[in-house]
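Here is the structure we will look at, set down as structure tokens.
The values are calculated or read from the model by the stated rules, or taken from the named source; none is laboratory data. Computed from a prediction, not measured in an experiment: that's the story for all the values here. When we count neighbours, we look across all protein chains shown, and the Cβ atoms used for this are built from the backbone with ideal geometry, even at glycine.
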Amino acid sequence: MALASEMLVPIPADDENRLAALRRYAILDTPPEAVFDGIVALLRDLLDTPIVTVSLVDRERQWFKARLGTETTETPRSIAFCAHAIMGEEVMEIEDAAADPRFACSPLVVDGPRVRYYVGAPLLTPDGYALGTLCAYDLKPRRLSEAQRRHLVLLAATVMNELELRRTAHELAAALAEAERVNVLRSQLLAAVSHDLRSPLHAVLGYSELLLQPAGDADQRRQWAEAIDAVGRQMLWQVDDLLDMAAVEAGHFSVELGPVPLAASVEAASRLVVQRVEQAGITFETRLAEGLAPVLADGRRLTQVLANLLDNAVKFTPAGGRVTVSASRDGAVVVVEVADTGIGIAPADLPRVLEPYGQARPGVAQRGTGLGLPLAKAMTEAQGGTFSIVSTPGEGTRVRLALPTDSQSVLAPL
């Protein structure tokens with residue numbers, strides 16, 4: 001006679017999907033709950049059996065969410081009656097386990113409780129996965145009546161309904177928490193946008209008032225006009241970022257790919273931040289390898305990505321620091337890096353700064369909308385590239401883009 005450890009239990013063909021479904025209910029290893037305890041108590045009275053459980057079949061075990069008549073909280077899947085019951089959608093009834101070759105040598109039959117009878121109704125999810133069973137055991141052979149069978153099926157459905165309600169409640173709580181988090185971020189965004197737009201608006205109004213006065217020679221008036229133009233472009237940049245992030249979040253963001261000389265995009269992005277670089281008192285360098293192949297990208301969007309990264313680097317690099325843009329060929333891609341010697345980001349905060357409106361620079365007042373990095377990441381990936389970031393607090397940050405060359409036509413749609 002084969003030992004229990006040598007017995008093979010059937011495994012559903014889609015067991016990985018079934019196990020993933022079980023995980024989504026977040027029910028394993030949770031404390032007892034009155035509703036499930038009440039169901040097994042009712043079933044024990046209806047079937048008049050000594051042992052009743054709500055059994056969930058995990059990868060290597062069956063675990064009892066509720067149980068009566070046993071102190072055991074789990075058993076190996078390899079000896080579980082329920083591992084057989086989840087193979088179908090109907091009630092499985094074993095009238096005499098000692099006479100069934102599948103279970104005759106099971107330690108549950110020959111040792112321990114010496115089970116002779118089993119009946120289990122699968123706990124079926126709406127998409128058809130059997131998470132486990134509502135089941136009953138007896139120590140003598142028997143057979144259910146039709147009425148008892150109906151009660152078992154109805155109570156199994158009740159268990160599943162309770163699991164669905166529990167899952168829905170958890171998902172709703174998570175959604176509410178996320179909504180609250182987004183509301184807080186958007187409130188912070190509105191405050192940041194109000195601040196960032198109010199300051200340049202005051203500058204525009206101030207220079208406009210000067211231009212309306214007869215004072216000032218032609219050169220001075222031209223400087224005022226140039227200042228208004230620069231401030232206006234800065235405001236337009238911020239508004240464009242807001243609109244683009246809204247398009248990304250709505251799934252409506254699109255790109256037009258074609259061959260783009262990287263040097264041209266770097267030069268265009270540099271022009272957009274040159275004034276901030278000069279005002280910040282930092283050193284700016286470009287180190288582009290010679291003979292770089294054009295990248296497959298959207299030229300306007302690539303410039304926007306690089307400008308956002310440069311602006312972010314300048315914003316968090318103190319006077320006397322350095323910001324560097326470098327590019328080189330690495331196999332089938334061109335790697336672009338924007339590095340700074342700024343304040344850096346703690347490793348735990350890196351995921352947060354890549355979220356829209358997220359800012360996680362410790363000890364630093366909020367600067368800007370918090371869209372630069374997440375928007376740059378989304379735009380890079382929309383152009384078929386990859387985006388990564390490494391940072392060390394007190395030493396600086398390095399953002400790495402890997403962009404396909406024009407010979408590659410693979411686009412990763414957003």
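What to note about this one:
- Per-region count, the stretch 123-142, residues in a loop (DSSP other than H, G, I, E, B) and not aliphatic (A, V, I, L, M): 8
- Count of residues meeting criterion [touching a residue at least 60 places away in the same chain (Cβ under 8 Å), of a type in the set (Ser, Thr, Tyr) and either under 20 Å from LEU152 (Cβ atoms) or not assigned by TED's automatic domain parsing to the domain that holds ARG44 (or both)] in the stretch 97-127: 2
- Cβ-Cβ distances below 7 Å connect no pair with a first residue in the stretch 289-304 that is within 17 Å of VAL325 (Cβ to Cβ) and aromatic (Phe, Trp, Tyr), a second residue that is at pLDDT 90 or above and in a helix (DSSP H, G or I), and a separation of six or more residues or different chains.
To keep it simple, each residue is scored yes or no on (1) touching a strand residue (DSSP E or B) at 6+ places or on another chain (Cβ under 9 Å); (2) surrounded by 22 or more Cβ atoms within 10 Å (Cβ to Cβ); (3) outside any strand (DSSP E or B).
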residue	(1), (2), (3)
ALA98	no, no, yes
ALA104	no, no, yes
LEU108	yes, no, yes
ALA121	yes, yes, no
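- Selection from the stretch 143-163 of residues that are closer than 14 Å to ALA121 by Cα and in a loop (DSSP other than H, G, I, E, B): LEU144
- Residue match in the stretch 334-351 (condition: at pLDDT below 90, closer than 23 Å to ASP240 by Cα and surrounded by fewer than 19 Cβ atoms within 10 Å (Cβ to Cβ)): no
- Any hit, the stretch 108-123, residues being touching a helix residue (DSSP H, G or I) at 6+ places or on another chain (Cβ under 9 Å) and basic (Lys, Arg): yes
- Some residue of the stretch 21-35 being closer than 25 Å to ARG149 by Cβ and either crowded, with 20+ Cβ neighbours inside 10 Å or of a type outside the set (A, V, I, L, M) (or both): no
- Residues that are at pLDDT 85 or above and surrounded by 15 or more Cβ atoms within 10 Å (Cβ to Cβ), drawn from the stretch 156-193: ALA156, THR158, VAL159, MET160, GLU162, LEU163, ARG166, ARG167
- If the condition is being surrounded by fewer than 18 Cβ atoms within 10 Å (Cβ to Cβ) and either touching a Leu at 6+ places or on another chain (Cβ under 7 Å) or assigned to a strand (DSSP E or B) (or both), then the stretch 75-86 contributes only PRO76.
- Out of GLU60, GLU71, GLU89, one residue alone is touching a helix residue (DSSP H, G or I) at 6+ places or on another chain (Cβ under 7 Å), surrounded by fewer than 22 Cβ atoms within 10 Å (Cβ to Cβ) and among the acidic types (Asp, Glu). It is GLU60.
- Residues within the stretch 44-67 that are part of a strand (DSSP E or B), more than 22 Å from ARG166 (Cα to Cα) and more than 35 Å from the chain's Cα centre (by Cα), tallied: 1
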